[in-house]
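**Q** First the structure, then my questions, so here it is.
The values are calculated or read from the model by the stated rules, or taken from the named source; none is laboratory data. Computed from a predicted structure; not experimentally measured. Cβ: placed from backbone, ideal geometry, glycine included. Neighbour counts: every protein chain shown. Note: accessible area is taken over every heavy atom of the protein model, side chains too, but ligands, DNA and RNA are not part of it. Shrake-Rupley method; radii C 1.70, N 1.55, O 1.52, S 1.80 Å.
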2 protein chains.
Amino acid sequence: MNKKRTIKIGDIKKAAVLGAGYMGSAVTFPLYDSGHEVRLWGTWLDDDIIDAVKAGIHPKLGRPLRDGVTPLHSDRLKEAVSGAQYIFIAVSSEGFIPVFELLIEHLFERVDGPRTVFCLTKGFVEMKGRVMRTSEWAKKRLEERFADRPVGEPVLDWVSVGGPVKAVELSRGIPSASLYGVEREAVMDTALRFRTPYYRVVPFQGVESVEICAAFKNVYAMGIGICDGIFKKRREDEYHNASALLFTQGINEISVIVRKAGGDTSCVFGLGGTGDLYVTGRSGRNREFGELVGAGGEPGECFVRMLRAGRLAEGYDALEKGVLWWQSIGGEKAALPLLYTLHEVIILGKNPQEAIYSFMEEYGETR
Amino acid sequence: MNKKRTIKIGDIKKAAVLGAGYMGSAVTFPLYDSGHEVRLWGTWLDDDIIDAVKAGIHPKLGRPLRDGVTPLHSDRLKEAVSGAQYIFIAVSSEGFIPVFELLIEHLFERVDGPRTVFCLTKGFVEMKGRVMRTSEWAKKRLEERFADRPVGEPVLDWVSVGGPVKAVELSRGIPSASLYGVEREAVMDTALRFRTPYYRVVPFQGVESVEICAAFKNVYAMGIGICDGIFKKRREDEYHNASALLFTQGINEISVIVRKAGGDTSCVFGLGGTGDLYVTGRSGRNREFGELVGAGGEPGECFVRMLRAGRLAEGYDALEKGVLWWQSIGGEKAALPLLYTLHEVIILGKNPQEAIYSFMEEYGETR
């Protein structure tokens, strides 16, 4: 694979990646390989990771980063974003608000043209008791903070990044396609700057569609995990029929959600939904959490046990907040039977086997 | 799970299943459990299977059939279909024409109302040098044979059965959803007769959409297998990003095919495409065949070796005929880059790693 950098020094643009966990660190590979100056900033929770990266190996990815990537500790955010045209937010959903509040103070600095924020954080945030999509919240916060900015001058462009990309695989050059949901068409060309032979950036018009897919796929991946947990317990062998049913229903419920939110469902049936749920349902923390629950674990306990082991199942929070958000946009319970089944199991503590069987027995009963 | 039969003797309808391999035998479970009289007819290749079933155990499913199911040898087709309102064709695509030619002679017998044929056979057939969908061929053949039938009296109703159902799992009561593509809306209610708590029949208006999904999902499952073969060889660990890309592309190419054929793409994004490719890409003969090819095996040799072991990879024939059929309906090569990549590898013998990498490097290059 071509890793040579043939871009002239004068052309080099700067990219700051915020969050030195799996995904933030993995995305530095294609950013560097596509000819950018890359800084990797770790949050206050990532100081040990930054130490380890400086010593040679990223502890989560199990390999060194590219030589040219600059690792920076949590007290050096200013240095990380200084002059950076591209800012990748790659913290977990819990860290999003505090990190964004720190970042916002650095956005007064001018760079040539509006900055672009690429958001890899998935999920919902809460503001004054109201649940919002991440980009929605950020937009409101920017409007407040930059209220005196001249009208018509955008503070920044927002891009939601989704699609089927497991961080460890990306860092090892496994061919991966990533969906970049943009608002302005002009930003599509910016997104395409990050392409490498192994990192296929696919631009898509529609921030919210990508964002909704990214959040809800974690929720439905827990459902596939629950199915695994139930049937692994019952039988040694295969149970693909049942998980295929849940997979398909998950995709179709995400399409109902995106349609209701005014988005574009081609994202759901493409990389954003189908592609991403395919990987997330097969491996990772949300599936693992679901599997523990399906095997009989108490959801809250399983969540905390995984968290203590450094494995945050983001789907838990996305499910709890996602249902509130769905209600807030006028969505009906009957339209999303699997989502509410998962809510009953994971948040309300209903027996998973009974709940999943009951969902399946009602499946397709509309006729 | 409720396996009691509470239907009165007078109501019992008769179902004949033709083909005693995996799927034909597995479908006898819900047919019996939903209150039908079931005959399982084995082809001339299935005589040993019928012997074994009579002795107690179905050799492929590894378990006995329901007590009430009648196993019949290949010389007893007449008995199998006599008075049967429902005929399930569950032979492999290779066996379809010879079995249908035998069956057609028994279709002169009247039952109350038109008979319904449920076709579980997937793929294409050839007639006088022209490649056709199975149902298209059958319809032409029926028109020829029953040319003197009074106009307006249907010989039979045709239903294409698809969706994510692995036979072994179905026979073990793993909850499964099956898609029944019908032509006349009235037939939907017939399809619903086969529902059990573990077998969720979902009727769908559109024979050809279900049929196209069922045939092409075997083709794209070979592609996911090829991806497995390539990356397993290269690395010990995970490579979900690449297979998610192929999975998503496969679904979207099937949607292009169905749209071109005048079908309904909701089938593709539902159980017919997404659901079925999910299971077929994870396990089974087509994926296994692809894996051998991805690992460096010569496609023709791999196909024959599997065939000799009783494992027919139906996707091979579906790919070869499917490309011809696509051309015959005026489809363009450029619309289906993954299909043609698979054709190059499997039929024309191109190096799989080069072909898949080249596909991936061009992925999303339309912008």
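**Q** Just to be sure I understand: with springs between alpha-carbon atoms less than 10 Å apart, which residue in A:I254, A:I329, A:I174 has the highest mean-square fluctuation in the Gaussian network model of chain A?
**A** Most flexible of the set in this elastic network: A:I329.
**Q** If you fit an axis through the alpha-carbon atoms of helix B:93-104 and take the longest principal axis of the Cα set of chain B, what angle between them do you get, 0 to 90°, nearest 10?
**A** 20 degrees
**Q** Assign one of three labels to chain B, namely rounded, prolate or oblate, based on the Cα gyration tensor with a ≥ b ≥ c the square roots of its eigenvalues; rounded applies when a/c is under 1.5, prolate when it is not and a/b is larger than b/c, and oblate otherwise.
**A** Prolate.
**Q** Does the stretch A:160-229 classify as rounded, prolate or oblate by the C-alpha gyration tensor (a ≥ b ≥ c root eigenvalues; a/c under 1.5 gives rounded; else a/b over b/c gives prolate, otherwise oblate)?
**A** The shape class here is oblate.
**Q** Per the 1.4 Å probe, what fraction of the accessible area of chain A, in percent, lies on carbon and sulfur atoms?
**A** Within chain A, the accessible surface is 49 percent carbon and sulfur.
**Q** Let me ask something additional. Is there a simple number for the mean count of other chain Cβ atoms within 10 Å of the Cβ of residues in B:247-259, and what is it?
**A** Counting Cβ atoms of other protein chains within 10 Å of each residue's Cβ and averaging gives 3.
**Q** With the Cα gyration tensor of the stretch A:14-104 giving a ≥ b ≥ c as the square roots of its eigenvalues, does the rule (a/c under 1.5 for rounded; else a/b larger than b/c for prolate; else oblate) give rounded, prolate or oblate?
**A** Taking the square roots of the gyration eigenvalues as a ≥ b ≥ c, the stretch A:14-104 is oblate.
**Q** Hey, another quick one. What's the ranking of A:302-311, B:117-126, A:139-148, B:318-327 by average number of surrounding C-beta atoms within 10 Å, highest first?
**A** Descending mean neighbour count gives B:117-126, B:318-327, A:302-311, A:139-148.
**Q** Using amide H atoms built 1.01 Å from N in the peptide plane, name the residues 5+ places from B:K350, or on other chains, whose amide H lies under 5 Å from its own.
**A** Amide H neighbours of B:K350, under 5 Å, 5+ apart: B:V345.
**Q** If you count, for each residue, the other Cβ atoms within 10 Å and average over each peptide, how do A:259-265, A:82-88 line up from highest to lowest?
**A** Packing proxy ranking, top to bottom: A:82-88, A:259-265.
**Q** While we're looking at this one, here's another question. Determine, from the Cβ-Cβ distance of A:E185 and A:R110 and an R0 of 30 Å, the FRET efficiency 1/(1 + (r/R0)^6), rounded to the nearest 0.05.
**A** That gives a FRET efficiency of 0.80.
**Q** For peptide A:221-229, compute the average count of partner chain beta-carbon atoms within 10 Å of each residue's beta-carbon.
**A** Averaged over the peptide's residues, the number is 0.
**Q** Normalising by the residue count of chain B, find the relative contact order in percent from Cα pairs under 8 Å and 6+ residues apart.
**A** It comes to 14 percent, rounded to a whole number.
**Q** While we're here: How far is B:K140 from itself in the other copies, in nm, if each label sits 7 Å out from Cα along the Cα-Cβ line, shortest first?
**A** 6.2
**Q** Of B:A16, B:A214, B:A334, which is the most mobile in a GNM of chain B whose springs link Cα atoms less than 10 angstrom apart?
**A** Of B:A16, B:A214, B:A334, the most mobile in the Gaussian network model is B:A334.
**Q** Please list 3J(HN,Hα) in residue order for the stretch B:135-147, calculated via the Karplus relation 6.51 cos²θ - 1.76 cosθ + 1.60 where θ = phi - 60°; whole Hz, with x for glycine and proline.
**A** Going residue by residue, I get 5, 5, 4, 4, 4, 4, 5, 5, 4, 4, 6, 10, 4 Hz, with x marking Gly and Pro.
**Q** Right, another one. Connecting C-alpha atoms closer than 10 Å in a GNM of chain B, tell me which of B:K14, B:K166, B:K78 has the biggest fluctuation.
**A** B:K78
**Q** Which FRET efficiency, nearest 0.05, do A:E298 and A:M127 yield, Cβ-Cβ r, R0 41 Å?
**A** With R0 = 41 Å, the Cβ-Cβ based efficiency is 0.85.
**Q** Further, regarding this structure: Tell me the angle of helix A:352-362 to the major Cα principal axis of chain A, expressed in degrees between 0 and 90 and rounded to the nearest ten.
**A** Computed tilt is about 80 degrees.
**Q** Shielding of B:265-271 by partners, i.e. mean partner chain Cβ atoms within 10 Å per residue?
**A** Neighbouring Cβ atoms belonging to other protein chains average 4 per residue here.
**Q** Based on the mean of other Cβ atoms within 10 Å per residue, sort peptides B:241-247, B:100-106 so the most packed one is first.
**A** B:241-247, B:100-106
**Q** What is the helix-to-structure angle for B:285-294, meaning the angle in degrees between its Cα long axis and the longest Cα principal axis of chain B, kept from 0 to 90 and rounded to the nearest 10?
**A** Taking the Cα atoms of chain B, the angle to B:285-294 is about 20 degrees.
**Q** Another one. How large is ³J(HN,Hα), in whole Hz, for each residue of the stretch A:59-74 in order, when computed from phi with the Karplus curve 6.51 cos²θ - 1.76 cosθ + 1.60 and θ = phi - 60°, using x for Gly and Pro?
**A** Taking θ as phi minus 60°, the curve returns x, 7, 7, x, 7, x, 7, 4, 3, x, 6, 9, x, 10, 6, 4 Hz for the stretch A:59-74.
**Q** Would you mind calculating the relative contact order of the stretch A:233-337 from Cα pairs under 8 angstrom and at least 6 residues apart, reporting the percent as a whole number?
**A** 24 percent
**Q** Could you pull out the pairs from B:K321/B:K350; A:K60/A:K321; B:K166/B:K217; A:K54/A:K78 whose alpha carbons sit more than 23 Å apart here?
**A** A:K60/A:K321
**Q** How far is it, in nm, from the label point at B:S82 to the one at B:E143 when both lie 7 Å from their Cα along the line to the Cβ?
**A** Output for this residue pair reads 3.4 nm.
**Q** Note the distances from B:I104 to each other copy's matching label point, with points 7 Å along the Cα-to-beta-carbon direction, in nm, sorted shortest first.
**A** Ordered by increasing distance: 7.4 nm.
**Q** Restricting to bridges with both residues inside the protein assembly as shown, how much of the DSSP beta-bridge set is antiparallel, in percent to the nearest 5?
**A** DSSP beta bridges in the protein assembly as shown are roughly 25 percent antiparallel.
**Q** Still on this structure, I have one more. Percent relative contact order of the stretch A:1-139, based on C-alpha pairs within less than 8 angstrom and at least six residues apart?
**A** Averaging sequence separation for qualifying contacts and normalising by length gives 23 percent for the stretch A:1-139.
**Q** For the interface of chains B and A, what total accessible area is buried with a 1.4 Å probe, rounded to the nearest 100 Å²?
**A** In total, this chain pair buries about 4800 Å².
**Q** Can you name the residue in chain A whose Cβ lies closest to the A-to-B rotation axis, and give that gap in whole Å?
**A** A:F269, 2
**Q** Could you compute the FRET efficiency for A:L324 and A:K232, with r as their C-beta to C-beta distance and R0 at 30 Å, rounded to 0.05?
**A** 0.45
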